1. What number goes with the only condition from (1) away from chain A (no Cβ under 14 Å); (2) within 16 Å of ligand 2 (Cβ to nearest atom); (3) of a type in the set (A, V, I, L, M, F, W, C) that B:Val192 does not pass?
2. With region A:87-162 as the region, which helices (runs of 4 or more DSSP H) entirely inside it contain at least 1 residues that are within 26 Å of B:Ile47 (Cα to Cα) and open to solvent by less than 30 Å² (accessible area, probe 1.4 Å)?
3. Restricting attention to region A:43-67, which residues are in contact with a helix residue (DSSP H, G or I) (Cβ under 8 Å, 6 or more places away or on another chain) and part of a loop (DSSP other than H, G, I, E, B)?
4. Mind listing just one residue for me: the one in region B:208-225 that is open to solvent by 80 Å² or more (accessible area, probe 1.4 Å) and more than 16 Å from ligand 2 (Cβ to nearest atom) and, of those, farthest from B:Ser8 (Cα to Cα)?
5. Being within 30 Å of B:Asp235 (Cα to Cα) and facing another protein chain (nearest Cβ under 10 Å) is the requirement here; does B:Lys45 meet it?
6. Considering region B:183-194 alone, what residues qualify as being assigned to a helix (DSSP H, G or I), open to solvent by 40 Å² or more (accessible area, probe 1.4 Å) and at pLDDT 90 or above?
7. Exactly one condition in (1) away from every other protein chain (no Cβ under 14 Å); (2) out of contact with any Lys or Arg (no Cβ under 7 Å at 6 or more places or on another chain); (3) assigned to a helix (DSSP H, G or I); (4) at pLDDT below 95 is not met by A:Asp169; state its number.
8. Could you grab the pairs with beta carbons closer than 6 Å, sequence gap of 6+ or different chains, first residue in region A:114-131 and closer than 15 Å to B:Gly81 by Cα and more than 7 Å from chain B (Cβ to nearest Cβ), second one open to solvent by less than 10 Å² (accessible area, probe 1.4 Å) and not in a loop (DSSP other than H, G, I, E, B)?
Amino acid sequence: MKDFGKYFIFLGNLFVNRESFRTYYRLTIEECVLIGINSIMLFALVSTFMGAVTTVQTAFNLIAPYIPRYVISQVVREMAVLELAPTIMAIIYAGKVGSSMAGNLGTMRITEQIDALEVMGINSTSYLVLPKIIASLLMYPLLVILSIVCALAGGYIVAFFASYITPTDYIYGLRYAFNPFTITFALTKSLVFAFIVSSISSFRGYYTEGGALEVGQSSTQAVTTSVIVILIADYLLAQLMLAA
Amino acid sequence: MIELKNISKSFGDRKILNNINGVFQKGKPNLIIGASGTGKSVLLKCIVEIATPDEGSVFYDHRNFTEGDKDLKVEIRREIGMLFQGGALFDSKNVEENVKFPLDLLAKMPRDEKYDRVNLCLNRVGLQNANKKMPSELSGGMKKRVGIARAIVNSPKYLFCDEPNSGLDPQTSILIDELIRDITYDYDTTTVVVTHDMNSVMGIGENIMFLYKGLKLWEGNKDEIVNSGVKELDDFVFANKVMMAMRNK
Ligand SMILES: Nc1ncnc2c1ncn2[C@@H]1O[C@H](COP(=O)(O)OP(=O)(O)OP(=O)(O)O)[C@@H](O)[C@H]1O
Ligand SMILES: [Mg+2]
């Protein structure tokens, strides 16, 4: 609970900035490259397989002859858009990006690099953390869109080779009874999760105390805390936005 | 000139600094000496307020830093150069960028001039060909020297060095001490050096503060240090055989 208050003070500190807009701009671009570009391969790979597996498993569950085939891809679409891409990928995002943010800040803390920034009169919180959060808010939704596309493509590949659904049925199902609001929902979730992962991981890393061992612990804690908060937020958002 | 008034600091229930008073003079190297673990680094951190003192205030040329507002703190901090015990180089930046970093903050200088200044400082610490090296590729002593270059690049009014020559060979050690002394004289900086090296003490110690278990036990200059009459200080000073021989003469 003490951490909870400290976390909000930490967030407040982000906006007491001193440096020029140009500095933040440059730092944010650097973070975007670090977060975004380096995660593309992982996200594409994981999503494609998830899409493929979901298609196979949904087909397995819907073998009754009176269910039209295109329902399979309709289900895959809803799964990918609503849960797989924004939420499951957020957990992977926490594992990859969150842990590295915490590790990076933790190392800077224990090797006195953060102190060095402070001595130079820089607000180290906003200098180091704000670009990470902004970059995360910019990149994660893009990664989620990529992930949706890849998951649906993964399903298509299955449809191409499988006997139980044809590519034509698959595409038909994807477009059948499509509600654009699900995309709005997915993007809202992705913004919320991006903020959760980047701010919690930065917080954990920033307040590391001790040595190399503690940096490792901070990284682990960053991931665990982020994941728990993501799951809670996921439930709350679903209640808020989907339950009419 | 920097004045310390009644600085105390505890971690948990361990009192690390106990009511430290003192004055660090302008244009001279001021030394803080004491055994390992007595709180020298903590004192330095309290002075620049990376650690907040529990009690007491620090005055920079009569400006109250501890109780000053945010603007005053930033103003004073931009006049400070600091070398950390471990160098504290930014490990995502190469040597040149590390040294240039404080210049970029003030950013009133043309680009070329900045690089000239960086090279000048790297020259002074004897690192001519390391501009593009990353901190992970440097030895401990080299990191320290880059740290010094970064600390002096802005021509600071106040220079703090935490053990500038631990981990350096005796020859480089002396060079670094002389460098710190020269900078102090040339730019009239208020320099505070933490050390437990008696060579430095005898070389540049014009105003020395001796810490023992969080207390200031003695202050004076290098000529007075051998006849202080303080037992703990004698133990510290004459642990060294050369110093012992000097006393016996
Ligand atoms: N952040 C901290 N939390 C708790 N205790 C600390 C902290 N920083 C320092 N200490 C304690 O304060 C004491 C003084 O530490 P300090 O680093 O000032 O020693 P030092 O005099 O600089 O020693 P050395 O010459 O080895 O660098 C040590 O006993 C250390 O355990
Ligand atoms: Mg120390």
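The values are calculated or read from the model by the stated rules, or taken from the named source; none is laboratory data. It should be emphasised that the depicted structure is a prediction, and the values quoted were computed from it without experimental measurement. All Cβ positions, even for glycine, are placed from backbone atoms using ideal geometry, and neighbour counts span all protein chains on display. We work out accessible area using only protein heavy atoms, side chains counted, and drop any ligands, DNA or RNA first. Shrake-Rupley method; radii C 1.70, N 1.55, O 1.52, S 1.80 Å.
1. Every condition holds for B:Val192 apart from (1).
2. Working: elements: A:89-93, A:99-110, A:113-119, A:124-161.
Because the criterion is at least 1 residues that are within 26 Å of B:Ile47 (Cα to Cα) and open to solvent by less than 30 Å² (accessible area, probe 1.4 Å), the helices (runs of 4 or more DSSP H) in region A:87-162 that meet it are A:99-110, A:113-119, A:124-161.
3. The one that is in contact with a helix residue (DSSP H, G or I) (Cβ under 8 Å, 6 or more places away or on another chain) and part of a loop (DSSP other than H, G, I, E, B): A:Leu62.
4. B:Asp223
5. Values: within 30 Å of B:Asp235 (Cα to Cα): yes; facing another protein chain (nearest Cβ under 10 Å): yes.
In short, yes.
6. In the first step, residues of region B:183-194 are kept if they are assigned to a helix (DSSP H, G or I); the result is B:183-187.
Checking the rest, the ones that are also open to solvent by 40 Å² or more (accessible area, probe 1.4 Å) come to B:185-187.
Scanning region B:183-194 gives a single hit, B:Tyr185.
7. Looking at each condition in turn, A:Asp169 falls short on (2).
8. Pairs that qualify, where the first residue is closer than 15 Å to B:Gly81 by Cα and more than 7 Å from chain B (Cβ to nearest Cβ) and the partner is open to solvent by less than 10 Å² (accessible area, probe 1.4 Å) and not in a loop (DSSP other than H, G, I, E, B), are A:Ile114/A:Ser124; A:Leu117/A:Ser124.
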